[in-house]
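Nothing in this text is a laboratory measurement; each read-out follows from the coordinates by a stated rule. The structure presented is a predicted model; accordingly, all values stated were derived computationally and were not measured. Cβ atoms come from the backbone with ideal geometry, glycine included; neighbour counts cover every protein chain shown.
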Amino acid sequence: MPRNPIVNLNTAQSLITLMSETEATRPRLEAALVCLQAARDSTQYTELRNRLLAKCQGLATALQ
C-alpha cells in the first residue's frame, strides 16, 4: 500500500465512482476502505476522506 495519501484517496475515489456507475461489490468496497484507512493519518485531506467515507457508507447500505 502506498504511503502517499493522495494516491490512496484517488484510488478510493476511483473505486467509489466505478461502483456508483456500475455495481457496488463487497471486494471493491473493502478495497476502497483499505485505501481510505491508509490515508487516515493525513490531516490535510480529512474533509475529502470524510466525504469519500460517507459515499462508501451509502454504497454499503445499498449493497445490503
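Observations, loosely collected:
- Qualifying trypsin sites (Lys or Arg not before Pro) in region 32-62, DSSP loop, other Cβ atoms within 10 Å at most 15: Arg40
- Of the residues Ala12, Ala24, Ala32, the one that moves most in a GNM of the chain with alpha-carbon contacts below 10 Å is Ala24.
- Inter-label distance for Thr17 and Glu30, nm, one decimal - labels placed 7 Å from Cα along Cα-to-Cβ: 2.5 nm
- Under 19 Å from the Gln37 label point (7 Å along Cα→beta-carbon), backbone N, region 13-30: 13-16, 25-30
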